[in-house]
1. Restricting to the stretch 39-77, count the residues that are surrounded by fewer than 17 Cβ atoms within 10 Å (Cβ to Cβ) and over 25 Å from ASP13 (Cβ atoms).
2. Scan the stretch 28-38 residue by residue and report those that are at pLDDT 90 or above and open to solvent by 40 Å² or more (accessible area, probe 1.4 Å).
3. Please find, within the stretch 197-228, the residue that is farthest from ALA66 (Cα to Cα) out of those that are of a type in the set (Phe, Trp, Tyr) and open to solvent by 90 Å² or more (accessible area, probe 1.4 Å).
4. Just checking, does the stretch 165-182 include any residue being open to solvent by 80 Å² or more (accessible area, probe 1.4 Å), of a type outside the set (D, E, K, R) and touching a residue at least 24 places away in the same chain (Cβ under 8 Å)?
5. Given the options THR97, THR74, name the one that is in contact (Cβ under 8 Å) with a residue 60 or more places away in the chain and of a type outside the set (A, V, I, L, M, F, W, C).
6. Quick test for you: out of PHE170, PHE176, PHE185, PHE151, pick the one residue that is within 17 Å of the chain's Cα centre (by Cα) and among the hydrophobic types (A, V, I, L, M, F, W, C).
7. Going by what's in this entry, would TYR303 be described as open to solvent by 10 Å² or more (accessible area, probe 1.4 Å) and more than 26 Å from ILE322 (Cβ to Cβ)?
8. Are any residues in the stretch 272-300 open to solvent by 10 Å² or more (accessible area, probe 1.4 Å), part of a helix (DSSP H, G or I) and of a type in the set (Gly, Ala, Ser), and if so, which ones?
Amino acid sequence: MEVTLKKRIIWVDALKGITVLLVAFHHALLSFTALYGSSTYIVFTLVDKVNYILSFARIPAFFLAAGLVMASITGSKSKWFLTKRLPLMLWVIILWTVISLTFEIIGFNLYPWSNYPSFPRGYIFPVPFGNLWFVYALLALSAYAVVISRFSLPVQLVFTLLTSFAIHLFLGLYSFEFEISNMLFYNLAYQGIPFFVAGFLFKTFVVEMLDNQKVVVVVMALSLLFMFVFKGNVMDSVGYSVLLVKYIPMTLLFVGFVVLISKIGFINHLFVNIGKNSLEFFILHQFFIALFFNYYSLESFGYVTHFLLSITTPIFVCLIFIFTFKPYIKPLFNLPKSVSYLGQKWL
C-alpha cells in the first residue's frame, strides 16, 4: 500500500516554525547567560521570564504538531515508519553526530553553556549528543505510536498515561550518568508522549476544533482561567502534577495564539517556511550560536544592545543561510536514494 501525506495543515507548519525558533532563542539565551551572567536590567529579566513561561509550551506544542503530521500519513503507518522515518532519523543521527564530534574535536565549543567538550566520551550513539536528543525523541515517539496503534482507543489512552507516569517514577528512582539522557527521558514523560500521542490519536478533533476561531478563543480563555484560579498550584506544582497544571494549559494557550496569528499573511508565510525546514533549523542553529559566542563579542555596544543582538543575530543569520543555500544543504537532511532504495527493497 502506498504511503502518502495528506494536504498540509498550514497552521501546523507555522506552529513547528515558531516552536523551533523559540528553542533557538532559548539556546542563545543560555549561551549569553553562561558567558556573561544574568542581569538586573529589565530587558534581561523580561526576556528570561518569558523564556521560562514558554518552556512549558514550546516543546509540547512541537510534539503535538509532529503527532498531527504522523496522523496525516495515509496508508500503513508501520510501512511509513520502517521505510521513511526510521532510516531518515538514523541517517540524521549518525551523520550529524559525526559532524558535531568533528567540530568539537578540532576545538570548536558547540555548546557554549556547557563544559567543553560536550560529548559523552565512550558513549557516542547510546547517549544523544546535544540537540540531537530531539531526533532521538521523534524516532522513539514515532515507534511508540506505531506500536500502540494496533490496540483500541481506550487501551491506547491508558497505555500512554501509564508509560508517561512510569518514566516519571523511573526518573525519581534512577539518574543517568549523563544529564542529556535524563533530559531526554524527562521530556518524553512530560512533553513528548502525552502531546505527540494526543496529536496522533485525535488529529481530526484537534484540527476541526482549532479551525474554528471562536472555539480557539474559548479554549485560550479557559486555559487562562484555569491558571488564574489555580495560580498557587501552577507556581508551586512539582512531580507529575506539572503536566496537568503547567504543560497542558500553557500549551493550549500557546497553540491557540499561534493559530490566531497564523491568519496574518506575512507572519504565516514566515513561520510556515521555517516550519517546513524545522529539522534543518533545529540542528544548524546551534552551529551559528556557537560560532557567534565563540568568536564575537558586542560588549562595546552597551549591555542592552549587546544582549539583544547576541540572542537574535545568530538566529537570523542561520535562517538566511538555510533559505539561501537550501538546495545545497538539503542533501544533509535527506536519506541518500541508494539507502532508501535498499530499505524499500528489503521490506
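The values are calculated or read from the model by the stated rules, or taken from the named source; none is laboratory data. Quick caveat: nothing in here was measured; it's all calculated off a predicted structure. Cβ placement follows ideal geometry from the backbone for every residue including glycine, while neighbour counts extend to all protein chains displayed. We work out accessible area using only protein heavy atoms, side chains counted, and drop any ligands, DNA or RNA first. Shrake-Rupley method; radii C 1.70, N 1.55, O 1.52, S 1.80 Å.
1. Residues flagged as surrounded by fewer than 17 Cβ atoms within 10 Å (Cβ to Cβ) and over 25 Å from ASP13 (Cβ atoms) within the stretch 39-77 amount to 10.
2. So the first thing to find is which residues in the stretch 28-38 are at pLDDT 90 or above, and the list is 28-33.
LEU30, THR33, listed by residue number.
3. Only one residue fits best here, namely PHE228.
4. Checked the stretch 165-182: at least one residue is open to solvent by 80 Å² or more (accessible area, probe 1.4 Å), of a type outside the set (D, E, K, R) and touching a residue at least 24 places away in the same chain (Cβ under 8 Å).
5. Answer to the selection: THR74.
6. PHE185
7. Here the answer is yes, as TYR303 does meet what is asked.
8. SER278, SER300
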